[in-house]
Amino acid sequence: MKTKAIFILFLFFVANLSFSNTIFSVQLAKAEVFKKEQKFTKAINCYLKAIRSVQNDDAMVKEVYFDIADCFYKSGKENMAVKVLKFSIYRFGAVKQDLLDTNKLEDQLVDSLFEVIGDKYDSYRNKYVSKFDKKEKLLAEVASETKTS
């Protein structure tokens, strides 16, 4: 009976994961169409829906934020594009090389970002890294607590 319950939970997890990836793919495809048609607001909304479907995958989400920043930039909202890229650094771990290597961002936008954040880049990266340090400390505390119980 216990094995059956675990198997059912496993199937539910796999089905949910598959469904999330389907939503992600569909929303991403819609966003790309809107972006090509220069309907940037609609594209951003689709990108946001895609993000909501895979919230826990930092690597996938980071790339989508690059697309969102590009849409803001191409619609003349450079300040908002820079804010989105800063967020991708401190929340999703984007590094300088990610920003320089991606083909999703205009060079001028990346230059503007580095100009705006200047020396704050390291503090943004540290903010991202510190979330893992906090997690590790909590896990160590939980592990030591379970040993004493």
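What is the Cα convex hull volume of the stretch 50-141 when expressed per residue in Å³? Show your work: numbers first, answer last.
Details: hull volume 8.8 nm³, N = 92.
Expressed per residue, the convex hull around the Cα atoms of the stretch 50-141 is 96 Å³.
Once all protein chains are placed together, GLU63 keeps about 60 Å² accessible to a 1.4 angstrom probe.
With both labels modelled 7 Å from their Cα along Cα-to-Cβ, the SER130 to PHE114 distance reads 2.5 nm. A full extension of the chain between SER25 and LYS49 corresponds to an added length of 7.6 nm, given 0.36 nm per residue minus the alpha carbon distance. Within the full protein context, the accessible area of CYS46 is estimated at about 10 Å² for a probe radius of 1.4 Å.
The values are calculated or read from the model by the stated rules, or taken from the named source; none is laboratory data. These figures come from a predicted structure and were not determined experimentally. Virtual Cβ from ideal backbone geometry, glycine too; neighbours counted across all protein chains shown. Accessible surface is based on the protein model in full, side chains and every heavy atom, while ligands, DNA and RNA are left aside. Shrake-Rupley method; radii C 1.70, N 1.55, O 1.52, S 1.80 Å.
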